[in-house]
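Enquirer: Below is the structure I would like to discuss, written out as structure tokens.
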Amino acid sequence: MEKKNRYESAEKIYKEFGIDTEKAMSILAEIPVSLHCWQGDDVKGFDQDGPLTGGIQTTGNYPGAARTYTELMNDIEEVISLVPGKKKLNLHASYAIFDGMERVDRDRLEKVHFKKWVDFAKKHGMGIDFNPTFFSHEKVKDGLTLSSPDKDIRDFWIEHGKACIRIAEYFADETGIPCVMNIWTGDGYKDIPGDRLGPRERYKDSIEQIISEPHDTTKVKVCVESKVFGIGVESYTTGSGEFTLLFAATHEGVIPLMDNGHYHPTEMVSDKISSLLLYFDEIALHITRPVRWDSDHVVIFDDETREIAKEIVRCRNGLGRVNIALDFFDASINRISAWAVGFNSVEKALLYALLTPHEEIKRLQEAGDFTRLLMMQEEMKTLPFGDVWEEYLERNGVPSGRTWAEEIERYEKEVLMKRV
Ligand code: RNT
Ligand code: ZN
């Protein structure tokens with residue numbers, strides 16, 4: 001069957017379930033998904049040469065990682081040319097650009113160090129999200145930053161956080177799009193601590209000092225991201241789930257951020273979204289794929305990603321209240337493909353969620369008709385979703401995933417493999 005005919009036939013089939021494929025595609029095109037810059041260079045950044053610390057790890061040694069901002073920007077442009085939908089650019093402070101300027105430490109970062117990123121984002125009509133970088137730095141002392149017992153260390157990182165708030169506001173002013181600024185640290189202990197409260201008291205105080213930096217909360221959306229454990233930080237994490245959730249709940253203008261790699265493997269972020277949306281105007285997500293631990297594998301179109309997307313779509317006005325970002329880093333495969341597959345998996349999951357008859361399945365649940373509820377949810381899985389997806393790609397002027405391989409191989413051969 002011709003491609004167009006396949007879409008028209010799919011449109012009819014979905015209509016039988018009361019689903020408007022046209023509406024789904026037009027809503028999807030407006031949902032921003034934040035594309036993380038750190039997939040391109042294995043979370044190295046440009047401001048230091050040390051190892052990746054903070055309890056996170058990139059594994060693999062596939063050639064072609066970006067080494068400079070120009071290479072990273074080129075790679076991001078290549079990804080953008082392959083994937084549909086509205087994007088934001090997600091930066092870390094460690095990606096500051098010092099070109100022709102004096103290098104400064106992270107507590108001294110200024111807007112000017114991100115001007116080139118602003119130009120890049122504007123060129124592509126993207127907003128920018130931001131992250132202070134509390135890892136891979138000599139001032140991480142005994143694995144601690146904002147919760148360190150050493151006041152000088154805390155102060156350095158507090159100044160870093162404040163500098164990032166100013167830069168985040170600059171991003172919002174320049175792009176006209178609010179900046180989600182996420183605070184995550186790997187602070188914690190490898191072994192059983194002798195004091196759990198002290199570091200958390202200090203963490204609370206430090207984040208309070210950071211957010212005391214004057215800022216417009218409609219422009220800078222400060223988030224706090226929790227974690228359960230990291231590599232070498234197995235026994236205690238200062239910014240635990242309870243800590244961050246309660247911090248956000250008790251501090252005006254602070255948003256909780258859930259990364260679905262940061263919970264016990266049987267705990268599902270998809271189940272947490274509704275509770276958070278009951279209490280917060282906005283929440284934020286890092287979508288990743290944990291395999292047995294916070295391994296940050298490339299996001300795929302799997303059950304949990306779809307379930308997260310369904311919750312975003314069906315929770316009262318979830319769209320617009322959930323800030324969606326990607327967070328994974330795989331160095332074992334072509335990094336452009338990792339980015340593109342991960343980004344598209346989230347787009348696919350959102351499209352799948354928009355093509356789900358939420359009213360009907362909710363009605364079945366409320367009527368206690370669990371037999372039909374199960375049958376209906378299973379039935380949806382084999383509707384011609386792929387035909388709508390292909391149509392969406394075409395309308396967005398990006399190639400079908402079926403032809404990606406050649407383009408990615410061309411870019412690999414002509415660009416990535418020359419980086420030696
Ligand atoms: C680490 C957190 C954090 C980082 C990025 C690079 O476990 O998920 O969000 O991955 O900030
Ligand atoms: Zn994360």
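Every read-out reported here was derived from the displayed coordinates using simple, explicitly stated rules and does not represent laboratory data. Just so it is clear, the structure is predicted and the values come from calculations on it, not from any experiment. FYI the Cβ positions are ideal-geometry reconstructions off the backbone, even for glycines, and counts take in every protein chain you see.
Enquirer: Between ASP150 and ASP20, what's the calculated FRET efficiency when r is the beta-carbon distance and R0 is 60 Å? Round to 0.05.
Expert: My answer for the efficiency is 0.55.
Enquirer: Still on this structure, please answer the following. Any idea what angle helix 269-279 forms with the longest principal axis of the chain, computed on alpha-carbon atoms, 0 to 90 degrees, nearest 10?
Expert: Compared with the principal axis, the helix lies near 80 degrees.
Enquirer: What length, rounded to one decimal in nm, is gained on full extension from GLU138 through to GLU414, with 0.36 nm per residue of separation minus their alpha-carbon distance?
Expert: So the extension gain works out to 95.7 nm.
Enquirer: With just the Cα atoms defining each centre, how far is the stretch 157-192 from the stretch 67-107? Give it in Å.
Expert: Going from one Cα centre to the other spans 16 Å.
Enquirer: Where is the GNM fluctuation largest for the chain (alpha-carbon springs, 10 angstrom cutoff): GLU390, GLU267, GLU311?
Expert: Between GLU390, GLU267, GLU311, it is GLU267 that shows the largest mean-square fluctuation.
Enquirer: Continuing with the same structure: Which distance in Å, rounded to a whole number, links the C-alpha centroids of the stretch 217-233 and the stretch 123-137?
Expert: Each part's Cα centre sits 13 Å from the other's.
Enquirer: Mean-square fluctuation check for the chain, GNM, Cα pairs under 10 Å: which of ILE231, ILE336, ILE80 is largest?
Expert: Of ILE231, ILE336, ILE80, the Gaussian network model singles out ILE231 as fluctuating most.
Enquirer: Which value, in debye to the nearest 20, describes the size of the charge dipole of the chain about its Cα centre when Lys and Arg Cβ atoms bear +1, Asp and Glu Cβ atoms bear -1, and nothing else is charged? It would help to have the intermediate numbers written out before the result.
Expert: Values: 53 positive and 73 negative charges, 72 e Å.
Computed charge dipole of the chain: roughly 340 debye.
Enquirer: Here's a follow-up. Give me the Debye-computed log₁₀ of I(q)/I(0) at q = 0.07, 0.12 Å⁻¹ for the chain, equal point scatterers on Cα only, no solvent, two decimals.
Expert: Result of the Debye calculation: -0.34, -0.99.
Enquirer: If you don't mind, there's one more thing I want to ask. Choose one answer from LYS44, LYS227, LYS23: the residue with the largest mean-square fluctuation in a GNM of the chain with alpha-carbon springs under 10 Å.
Expert: LYS23
Enquirer: Considering only the other residues whose Cβ falls under 12 Å of the Cβ of LYS23, what net charge follows from Lys and Arg at +1 and Asp and Glu at -1?
Expert: Surrounding charge for LYS23 is -3.
Enquirer: At R0 = 45 Å, how high is the FRET efficiency between ILE192 and GLU110 if r is their beta carbon distance? Nearest 0.05 is fine.
Expert: So, using R0 = 45 Å, E works out to roughly 0.65.
Enquirer: Moving on to the next point. Please identify which residues in the stretch 154-185 have an amide N closer than 17 Å to a label point set 7 Å out from the Cα of LEU52, following the Cα→Cβ vector.
Expert: Residues passing the 17 Å test: 184-185.
Enquirer: Pop out the ³J(HN,Hα) list for the stretch 221-234 in order, Karplus 6.51 cos²θ - 1.76 cosθ + 1.60 with θ = phi - 60°, rounded to Hz; leave Gly and Pro as x.
Expert: The phi angles translate into 9, 7, 10, 10, 9, 9, 7, 8, 6, x, 5, x, 10, 7 Hz.
Enquirer: Please state the relative contact order of the stretch 296-420 as a whole percent: Cα pairs under 8 Å, 6+ residues apart?
Expert: Taking the mean separation of contacting Cα pairs over the length of the stretch 296-420, I get 26 percent.
Enquirer: Where in the stretch 15-84 are there chymotrypsin sites (Phe, Trp or Tyr not before Pro) that are in a DSSP coil and have at most 15 other Cβ atoms within 10 angstrom of their Cβ?
Expert: PHE17
Enquirer: Can you list the HN-Hα couplings for the stretch 63-73, worked out from phi with the Karplus curve (6.51, -1.76, 1.60; θ = phi - 60°), rounded to whole Hz and with x for Gly and Pro?
Expert: Result, rounded to whole Hz: x, x, 4, 5, 10, 9, 5, 5, 4, 5, 5.
Enquirer: Also, quick follow-up: Nearest 10 degrees is fine. How inclined is helix 241-250 to the longest principal axis of the chain, computing both from alpha carbons?
Expert: Around 90 degrees separate the two axes.
Enquirer: Sticking with this one: I'd like the distance between the alpha-carbon centres of the stretch 351-420 and the stretch 278-324, rounded to an integer number of Å.
Expert: Between the Cα centres of the stretch 351-420 and the stretch 278-324 lies a distance of 15 Å.
Enquirer: Grab the Cα-Cα distance for ARG363 and THR403, subtract it from 0.36 nm times how many residues apart they are, and report the gain in nm with one decimal.
Expert: Between ARG363 and THR403, full extension yields 10.3 nm more.
Enquirer: Starting from 0.36 nm per residue, how many nanometres of slack lie between PHE370 and THR68 once their C-alpha separation is accounted for?
Expert: 103.2 nm
Enquirer: Quick query: amide H of SER34 versus all other amide H atoms, modeled in the peptide plane; which residues come in under 5 Å with a sequence gap of 5 or more or a different chain?
Expert: LYS88, ILE324, ALA325, LEU326
Enquirer: Please list, in chain and number order, the residues 5+ apart from SER136 or on another chain whose amide H is under 5 Å from its amide H, with Hs placed from the backbone.
Expert: Hits under the 5 Å cutoff: THR53, GLY54.
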